[in-house]
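Report on the structure given below.
Just so you know, all these numbers are worked out from the coordinates, no wet-lab data involved. Model, not experiment: these values are computed from the prediction. Please note: Cβ atoms are built from the backbone with ideal geometry, for glycine as well, and neighbour counts cover all protein chains shown.
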């Protein structure tokens, strides 16, 4: 954990609380004097952005729950009631719905940044694991939340996705029956999903706490991927990074407000404004955009069971990345081969997202299969890359690199100093 610094204050109330519960000194250690590397760039803003978005999702969700009815015969009408009759209900719903999309956008950037700068490498493996668990809980929460409006896409999306579990041998059908609460997607399914959608965000808060605990135990990684060698390589988190985070969130909030006020339904599906009808199947059933890459992987093979295995493997493989990457250098800044493979991987994920939005036919099948092969190939080739790649010279320290950059000079490397 962060080094403890006694809290200096003349406020008698704070002193009285500190003796009984040292909450203020804890906040001071982790939010004020916490020694952060002095070379953080704006890609590191997304951690704090995610924290703010999580709070926003919970607050707007609690407000929406006050007016939502989790009954199959009333759910769709209750959402319309929120939109039309509740004061600022439209704002709460649009903030919650678009907030989920922006939440996933931020977490994707956060994960790609972690991959690029090697934030999964020792001693931060557990920190990386907590991040993946958070991602999995987010996906489950978002999927169940998408079902709640009980529109056509909600109903049929739930039907299609839950049916994939039936491909699991022996236990598949009982799992589907349990998820449905019966033998078809119906009222009990909605009740189950509503209950879990409300519960999981609070579980998410607990895992986020463990994620932050692990972060402040192993200390933050940085764009150079080298550990601070002393106080000269760090600066207090406040005010330097609190101001930077506020600026970053302000820019992110402009994008968020743009969707909420000017294109609130752009990321949704028009069929979800039609009440759920078990007798009318939409022409093309698609999940939300943040599930599309995994949906494309699922459909890349004709076998249902193998497709489900690939879909789950696409996420579970992230757990073993710290051991697949055998390079001793963390940051892709100094890894020319890995850097090229990484950016191809980012492009590949975008391609998978595009493929997932189209029916699995014609050229989309070929493109989807090729993109799926590279998705897994990227991870499986990491041990070989770490073996033959020749990294660029690494700076002697964070401070040396920062000073050299400000002076326009080449930083001194550890080898040159030696």
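By counting other Cβ atoms within 10 Å of each Cβ, how are 154, 101 ranked from fewest to most?
Exposure proxy ranking, most exposed first: 101, 154.
Please report how far the C-alpha centroid of the stretch 253-330 lies from that of the stretch 110-130, rounded to the nearest whole angstrom.
With the stretch 253-330 and the stretch 110-130 each reduced to a Cα centre, they are spaced 22 Å.
Rounded, prolate or oblate for the stretch 240-304? Axes are the square roots of the Cα gyration tensor eigenvalues, ordered a ≥ b ≥ c, and the cut-off for rounded is a/c under 1.5.
Cα axes put the stretch 240-304 in the oblate bin.
How would you order 60-67, 157-164 from highest to lowest mean count of nearby Cβ atoms within 10 Å?
Packing order, densest peptide first, comes out as 157-164, 60-67.
Which of 346, 301, 280 comes first, and how do the rest follow, when ranked by fewest Cβ neighbours within 10 Å?
In increasing order of surrounding Cβ atoms, one gets 280, 346, 301.
So if I restrict to the alpha-carbon atoms in the stretch 153-300, what is the Rg, and what is Dmax, the biggest pairwise distance, in Å?
22.1, 68
Order of 137-144, 232-239, 358-365, 243-250 by packing, highest average Cβ count within 10 Å first?
Descending mean neighbour count gives 137-144, 232-239, 243-250, 358-365.
Let me know the shape class of the stretch 33-175, please: from the alpha-carbon gyration tensor, a ≥ b ≥ c as square roots of the eigenvalues, rounded when a/c is under 1.5, otherwise prolate if a/b is greater than b/c, or oblate.
Here the stretch 33-175 falls in the oblate category.
Under the rule a/c < 1.5 gives rounded, and otherwise a/b versus b/c splits prolate from oblate, where does the stretch 286-418 land using the Cα gyration tensor?
Judged from the Cα gyration tensor, the stretch 286-418 comes out prolate (a/c at least 1.5, a/b above b/c).
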